[in-house]
Amino acid sequence: MFRQTRNLLVIATIICSTSVLAQTWTTRQLNIANTARNIKYLTQAEKDAIMYINLARLYPFWFNVYELKNYEAVAKNSTYKTSLMYALFSLKPMHALYFDKELYEDAKCYAKESGDLGITGHDRKICEKSNYSECCDYGNSTGLGIAISWLIDQDVPSLGHRLCCLDHKNKKIGLSVHPHKTYGICAVAEFDE
(Lines give C-alpha, C1' and ligand atoms only; values in the text may rest on other atoms or scores of the structure.)
Protein backbone atom coordinates (compact mmCIF):
# COMPACT_ATOMS: atom_id res chain seq x y z
CA MET A 1 0.00 0.00 0.00
CA PHE A 2 2.81 2.40 0.89
CA ARG A 3 4.60 1.68 -2.38
CA GLN A 4 1.42 2.36 -4.43
CA THR A 5 0.79 5.63 -2.58
CA ARG A 6 4.42 6.68 -3.03
CA ASN A 7 4.33 5.80 -6.74
CA LEU A 8 1.13 7.77 -7.21
CA LEU A 9 2.68 10.77 -5.46
CA VAL A 10 5.72 10.56 -7.74
CA ILE A 11 3.47 10.42 -10.82
CA ALA A 12 1.35 13.32 -9.55
CA THR A 13 4.46 15.41 -8.83
CA ILE A 14 5.90 14.76 -12.28
CA ILE A 15 2.60 15.53 -14.00
CA CYS A 16 2.09 18.73 -12.03
CA SER A 17 5.63 19.95 -12.60
CA THR A 18 5.66 19.13 -16.30
CA SER A 19 2.36 20.86 -16.96
CA VAL A 20 4.14 24.13 -16.23
CA LEU A 21 6.81 23.37 -18.85
CA ALA A 22 4.48 22.53 -21.74
CA GLN A 23 0.79 23.25 -22.04
CA THR A 24 -0.36 21.46 -25.15
CA TRP A 25 0.41 19.10 -28.02
CA THR A 26 2.76 20.39 -30.68
CA THR A 27 1.60 20.62 -34.29
CA ARG A 28 4.14 17.92 -35.16
CA GLN A 29 2.78 15.51 -32.52
CA LEU A 30 -0.79 16.05 -33.68
CA ASN A 31 0.15 15.53 -37.33
CA ILE A 32 1.95 12.26 -36.57
CA ALA A 33 -1.02 10.97 -34.55
CA ASN A 34 -3.72 12.16 -36.96
CA THR A 35 -3.32 9.27 -39.42
CA ALA A 36 -6.96 9.40 -40.62
CA ARG A 37 -7.12 13.16 -41.26
CA ASN A 38 -7.35 12.79 -45.07
CA ILE A 39 -10.13 10.17 -45.10
CA LYS A 40 -12.97 12.31 -46.43
CA TYR A 41 -15.88 10.04 -45.46
CA LEU A 42 -14.94 9.89 -41.77
CA THR A 43 -16.64 12.24 -39.33
CA GLN A 44 -14.56 14.55 -37.16
CA ALA A 45 -15.35 12.40 -34.08
CA GLU A 46 -14.08 9.30 -35.90
CA LYS A 47 -10.87 11.03 -36.98
CA ASP A 48 -10.37 12.49 -33.50
CA ALA A 49 -10.89 9.14 -31.73
CA ILE A 50 -8.17 7.57 -33.89
CA MET A 51 -5.90 10.56 -33.26
CA TYR A 52 -6.33 10.41 -29.46
CA ILE A 53 -5.71 6.66 -29.37
CA ASN A 54 -2.55 7.31 -31.37
CA LEU A 55 -1.48 10.11 -29.03
CA ALA A 56 -1.72 7.66 -26.12
CA ARG A 57 0.34 5.12 -28.08
CA LEU A 58 2.98 7.53 -29.38
CA TYR A 59 3.32 9.77 -26.32
CA PRO A 60 1.98 7.85 -23.30
CA PHE A 61 3.62 10.05 -20.66
CA TRP A 62 2.36 13.26 -22.27
CA PHE A 63 -1.11 11.79 -22.74
CA ASN A 64 -1.24 11.59 -18.93
CA VAL A 65 -0.23 15.23 -18.67
CA TYR A 66 -2.33 16.76 -21.45
CA GLU A 67 -5.48 14.64 -21.54
CA LEU A 68 -5.94 12.24 -18.65
CA LYS A 69 -4.91 14.40 -15.72
CA ASN A 70 -7.90 16.73 -16.00
CA TYR A 71 -10.39 14.33 -17.56
CA GLU A 72 -13.32 14.18 -15.17
CA ALA A 73 -16.02 12.29 -17.06
CA VAL A 74 -15.22 9.36 -14.75
CA ALA A 75 -14.96 9.62 -10.99
CA LYS A 76 -11.87 11.58 -9.99
CA ASN A 77 -10.74 8.77 -7.67
CA SER A 78 -11.44 5.97 -10.15
CA THR A 79 -9.07 3.04 -9.69
CA TYR A 80 -9.38 2.39 -13.43
CA LYS A 81 -8.20 5.91 -14.25
CA THR A 82 -5.35 5.53 -11.75
CA SER A 83 -4.33 2.19 -13.25
CA LEU A 84 -4.31 3.80 -16.71
CA MET A 85 -2.04 6.55 -15.39
CA TYR A 86 0.37 3.89 -14.09
CA ALA A 87 0.19 1.98 -17.36
CA LEU A 88 0.87 5.07 -19.47
CA PHE A 89 3.66 6.19 -17.17
CA SER A 90 5.53 2.92 -17.73
CA LEU A 91 4.49 2.31 -21.36
CA LYS A 92 7.15 2.67 -24.01
CA PRO A 93 6.10 4.76 -27.01
CA MET A 94 4.95 2.71 -30.00
CA HIS A 95 3.88 3.24 -33.59
CA ALA A 96 0.64 4.92 -34.63
CA LEU A 97 -2.33 2.95 -35.93
CA TYR A 98 -3.20 3.50 -39.57
CA PHE A 99 -6.72 3.65 -40.95
CA ASP A 100 -7.92 0.55 -42.80
CA LYS A 101 -11.04 0.63 -45.01
CA GLU A 102 -11.90 -3.06 -44.48
CA LEU A 103 -11.77 -2.62 -40.71
CA TYR A 104 -13.84 0.56 -41.07
CA GLU A 105 -16.54 -1.27 -43.05
CA ASP A 106 -16.71 -3.96 -40.36
CA ALA A 107 -16.89 -1.35 -37.59
CA LYS A 108 -19.51 0.62 -39.52
CA CYS A 109 -21.70 -2.47 -39.97
CA TYR A 110 -21.66 -3.27 -36.27
CA ALA A 111 -22.04 0.35 -35.12
CA LYS A 112 -25.16 0.60 -37.31
CA GLU A 113 -26.46 -2.76 -36.07
CA SER A 114 -25.87 -1.84 -32.42
CA GLY A 115 -27.42 1.59 -32.82
CA ASP A 116 -30.45 0.53 -34.83
CA LEU A 117 -31.24 -2.39 -32.50
CA GLY A 118 -30.32 -0.49 -29.32
CA ILE A 119 -27.98 -3.28 -28.17
CA THR A 120 -24.62 -3.21 -26.39
CA GLY A 121 -21.71 -5.60 -26.27
CA HIS A 122 -20.01 -7.71 -28.91
CA ASP A 123 -22.70 -10.28 -29.76
CA ARG A 124 -23.43 -9.59 -33.42
CA LYS A 125 -26.86 -10.55 -34.74
CA ILE A 126 -26.76 -9.29 -38.34
CA CYS A 127 -23.19 -8.34 -39.19
CA GLU A 128 -20.80 -11.14 -39.99
CA LYS A 129 -18.62 -12.21 -37.06
CA SER A 130 -15.07 -10.92 -37.32
CA ASN A 131 -11.73 -12.08 -35.98
CA TYR A 132 -10.59 -8.55 -35.19
CA SER A 133 -10.00 -7.04 -31.78
CA GLU A 134 -13.05 -4.88 -31.13
CA CYS A 135 -14.01 -1.96 -28.90
CA CYS A 136 -17.56 -0.66 -28.43
CA ASP A 137 -18.55 2.55 -26.67
CA TYR A 138 -21.92 4.12 -25.91
CA GLY A 139 -22.91 7.70 -25.17
CA ASN A 140 -19.66 9.54 -26.01
CA SER A 141 -20.00 11.96 -28.91
CA THR A 142 -16.43 13.29 -29.09
CA GLY A 143 -13.30 11.55 -30.28
CA LEU A 144 -11.57 12.32 -26.98
CA GLY A 145 -14.50 10.91 -24.98
CA ILE A 146 -14.54 7.72 -27.04
CA ALA A 147 -10.76 7.19 -26.82
CA ILE A 148 -10.53 7.88 -23.10
CA SER A 149 -13.52 5.65 -22.39
CA TRP A 150 -11.72 2.73 -24.02
CA LEU A 151 -8.40 3.57 -22.40
CA ILE A 152 -9.80 3.92 -18.87
CA ASP A 153 -12.13 0.94 -19.41
CA GLN A 154 -14.18 1.77 -16.32
CA ASP A 155 -15.75 -1.32 -14.69
CA VAL A 156 -14.23 -3.74 -17.23
CA PRO A 157 -12.01 -5.99 -15.09
CA SER A 158 -10.25 -7.53 -18.11
CA LEU A 159 -9.31 -4.07 -19.45
CA GLY A 160 -9.95 -5.56 -22.89
CA HIS A 161 -10.61 -2.22 -24.60
CA ARG A 162 -7.47 -0.66 -23.16
CA LEU A 163 -5.43 -3.66 -24.23
CA CYS A 164 -6.78 -3.38 -27.81
CA CYS A 165 -5.89 0.31 -27.99
CA LEU A 166 -2.40 -0.11 -26.54
CA ASP A 167 -1.41 -3.45 -28.09
CA HIS A 168 1.89 -2.90 -29.91
CA LYS A 169 1.00 -5.73 -32.31
CA ASN A 170 -1.94 -3.80 -33.72
CA LYS A 171 -1.03 -1.73 -36.76
CA LYS A 172 -4.44 -0.90 -38.31
CA ILE A 173 -7.73 0.54 -37.11
CA GLY A 174 -11.20 1.08 -38.50
CA LEU A 175 -13.61 3.15 -36.43
CA SER A 176 -17.23 4.17 -36.96
CA VAL A 177 -19.70 6.27 -34.97
CA HIS A 178 -23.47 5.83 -35.39
CA PRO A 179 -26.65 7.02 -33.64
CA HIS A 180 -27.82 4.59 -30.93
CA LYS A 181 -31.46 3.97 -30.05
CA THR A 182 -30.77 3.77 -26.29
CA TYR A 183 -27.56 5.73 -25.64
CA GLY A 184 -27.84 8.40 -28.34
CA ILE A 185 -24.56 7.42 -29.99
CA CYS A 186 -22.22 4.47 -30.23
CA ALA A 187 -18.73 3.90 -31.55
CA VAL A 188 -17.10 0.69 -32.74
CA ALA A 189 -13.41 0.19 -33.50
CA GLU A 190 -11.75 -2.81 -35.08
CA PHE A 191 -8.01 -3.41 -34.69
CA ASP A 192 -5.70 -5.76 -36.60
CA GLU A 193 -2.02 -6.53 -37.05
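Near Asp192, within a Cβ-to-Cβ distance under 14 Å, what is the net charge of the other residues, with Lys and Arg +1 and Asp and Glu -1? That works out to -4. For Lys125, the lysines whose Cα comes closer than 24 Å to its Cα, not counting residues fewer than 8 places off in the same chain, are Lys101, Lys108, Lys112, Lys181.
The alpha carbon gyration tensor of the chain gives principal lengths a ≥ b ≥ c with a/c of 1.5 or higher and a/b greater than b/c, which makes the shape prolate. Counting protein heavy atoms only, the range 88-158 has 52 percent of its accessible area on carbon and sulfur, 1.4 angstrom probe. Sorted largest first by accessible area at a 1.4 angstrom probe radius, with every protein chain in place, the residues His168, His180, His122 fall in the order His168, His122, His180. Within the shell defined by Cβ-Cβ distances under 12 Å, the residues around Gly145 carry a net charge of -4, with Lys and Arg each +1 and Asp and Glu each -1. Counted over all Cα-Cα pairs of the range 59-145, pairs farther apart than 18 Å make up 59 percent.
In terms of the mean number of neighbouring beta-carbon atoms within 10 Å, the peptides 51-59, 125-133 order highest first as 51-59, 125-133.
Near Ile50, within a Cβ-to-Cβ distance under 12 Å, what is the net charge of the other residues, with Lys and Arg +1 and Asp and Glu -1? Residues near Ile50 contribute 0 overall. Sorting the segments 91-102, 137-148 by their mean number of nearby beta carbons within 10 angstrom, highest to lowest, gives 137-148, 91-102.
Averaging the sequence gap over all C-alpha pairs within less than 8 Å and six or more residues apart, then dividing by the number of residues, gives the chain a relative contact order of 26 percent. For the chain, the per residue solvent-accessible surface stands at 52 Å², with DNA, RNA and ligands left out and a 1.4 Å probe.
The values are calculated or read from the model by the stated rules, or taken from the named source; none is laboratory data. Remember, predicted model here, so these are calculated numbers, not experimental data. Using ideal geometry, Cβ is built from the backbone for each residue, glycine included, and neighbour counts are taken over all protein chains shown. We work out accessible area using only protein heavy atoms, side chains counted, and drop any ligands, DNA or RNA first. Shrake-Rupley method; radii C 1.70, N 1.55, O 1.52, S 1.80 Å.
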